[in-house]
1. Among the residues of segment 311-326, is any away from the ligand (no atom under 13 Å from the Cβ), out of contact with any helix residue (DSSP H, G or I) (no Cβ under 8 Å at 6 or more places or on another chain) and in contact (Cβ under 8 Å) with a residue 24 or more places away in the chain?
2. Please verify whether residue 339 is surrounded by fewer than 24 Cβ atoms within 10 Å (Cβ to Cβ) and more than 11 Å from the ligand (Cβ to nearest atom), treating the condition exactly as stated.
3. Applying the selection to segment 165-191, what residues are assigned to a loop (DSSP other than H, G, I, E, B) and either crowded, with 18+ Cβ neighbours inside 10 Å or in contact (Cβ under 8 Å) with a residue 12 or more places away in the chain (or both)?
4. Is there any pair with a first residue in segment 129-146 that is surrounded by fewer than 18 Cβ atoms within 10 Å (Cβ to Cβ) and a second that is not in a loop (DSSP other than H, G, I, E, B) whose Cβ atoms are under 7 Å apart and which are 6 or more apart or on different chains, and what are they?
5. Quick one: how many residues across segment 206-244 are part of a helix (DSSP H, G or I) and either crowded, with 20+ Cβ neighbours inside 10 Å or under 18 Å from the mean Cα position of the chain (by Cα) (or both)?
6. Residue check: is residue 370 farther than 19 Å from residue 256 by Cβ, modelled with pLDDT under 95 and either within 16 Å of the ligand (Cβ to nearest atom) or surrounded by fewer than 24 Cβ atoms within 10 Å (Cβ to Cβ) (or both)?
7. For segment 296-310, what are the residues that are under 19 Å from the mean Cα position of the chain (by Cα) and either within 15 Å of the ligand (Cβ to nearest atom) or more than 23 Å from residue 142 (Cα to Cα) (or both)?
8. Looking at 285, 274, which is the one that is buried (at least 24 other Cβ atoms within 10 Å of the Cβ), within 14 Å of the ligand (Cβ to nearest atom) and over 14 Å from the mean Cα position of the chain (by Cα)?
Ligand code: GTR
């Protein structure tokens, strides 16, 4: 074998070895090259569909916000199921010695969701600190932890070493010790995350004649999960341990999309947190980077409404983009977080959506993101809009949670 051949073989091996791992969804071509993103024009959150500029808070609240909400309902997520009129809450179990006596763990079954029969129920699993002085603020989300675990871990330990001390598996204790309750819902209870089965449960009960993927403006799974989070909030309003005016809605990835949409639809959520929510969440749809509208609709035909499929490979025709979803949290605090090795979710697109919401916060007289450039890794920016980019992969980690706890601490609302 010639030396040249050996050298070339080693080189070829090295090139292969250091090439980035195939990203999620790598069976097709997806763009991960910033220089190939291409030009796009975002819709202006402060201009009505008919071209009228929005220049006062009243115009935002009375005209533009309802217009944007309706566009997201009609074109992206579908209309949420109706608000139930006869909800019932059954506390199935209470354990006041949970987490070594620090917390009370409750499981509450939420019945009476409406529609034919009363077959489906939402189960909320809640941990609330025992030594609280009055009602406590809470975090609620979908799949925040394993509701069946004896000692749940609501965020993965960050796999990359950082200078600060992280709680790792003790994250739940830290959340409780800092005075917060935390509750989770599980999709399988009422709307399974499965294209073939998502109607089993509450959607079958509410729309008994429907089959197949969501109709043009019908709720997909994301709208259904977000609606269920509002039902959890209905319950929290009856729980003496919880301050319902300080409930944050939080989610990771598909459940980060859900958290943003829940916060947009239900302004009772006092704070909204999107962790690595990506396409259909915080990431701008018009940016050609990582996951695309066409790919998400193909892989998850049950997540969005039927109309959203019209925008496969035609993102520029969308009447909205995701910075306007972030803006629907205004003027409440909202936090968008990204991870460096999460190209599929387009970290820069997530940042630009947070930045694109800033003008609405300003109009409403509150300081928003306050920066225009994506911050360096590990730096938290923003006031009423928070943002960070952390090291590591697509995950909700203990590192992220510490940022969210600080953010929530910074936005206290007096308990009633
Ligand atoms: C992926 C999907 C993403 C994200 C993720 C997740 O397969 O393409 O949009 O939602 O799943 O939820 O973990």
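1. Looking for residues that are away from the ligand (no atom under 13 Å from the Cβ), out of contact with any helix residue (DSSP H, G or I) (no Cβ under 8 Å at 6 or more places or on another chain) and in contact (Cβ under 8 Å) with a residue 24 or more places away in the chain, one finds at least one in segment 311-326, hence yes.
2. Working: surrounded by fewer than 24 Cβ atoms within 10 Å (Cβ to Cβ): no; more than 11 Å from the ligand (Cβ to nearest atom): yes.
No: the conditions fail for residue 339.
3. Correct list: 166, 167, 178, 179, 180, 186, 190, 191.
4. If the second residue must be not in a loop (DSSP other than H, G, I, E, B), the pairs left are 130/96; 130/101; 130/103; 130/104.
5. Of the residues in segment 206-244, the ones part of a helix (DSSP H, G or I) are 206, 221-236.
Among the residues that remain, those that are also either crowded, with 20+ Cβ neighbours inside 10 Å or under 18 Å from the mean Cα position of the chain (by Cα) (or both) are: 206, 221-233, 235-236.
Within segment 206-244, residues that are part of a helix (DSSP H, G or I) and either crowded, with 20+ Cβ neighbours inside 10 Å or under 18 Å from the mean Cα position of the chain (by Cα) (or both) number 16.
6. Yes, satisfied.
7. Answer for segment 296-310, where residues must be under 19 Å from the mean Cα position of the chain (by Cα) and either within 15 Å of the ligand (Cβ to nearest atom) or more than 23 Å from residue 142 (Cα to Cα) (or both): 296, 297, 299, 300, 301, 302, 303, 304, 308.
8. Result: 285 is the single residue among 285, 274 that is buried (at least 24 other Cβ atoms within 10 Å of the Cβ), within 14 Å of the ligand (Cβ to nearest atom) and over 14 Å from the mean Cα position of the chain (by Cα).
The values are calculated or read from the model by the stated rules, or taken from the named source; none is laboratory data. Since the structure is predicted, the reported quantities are computational estimates derived from the model, not experimental observations. Counting neighbours? That spans all protein chains shown, and the Cβs are built from the backbone with ideal geometry, glycine included.
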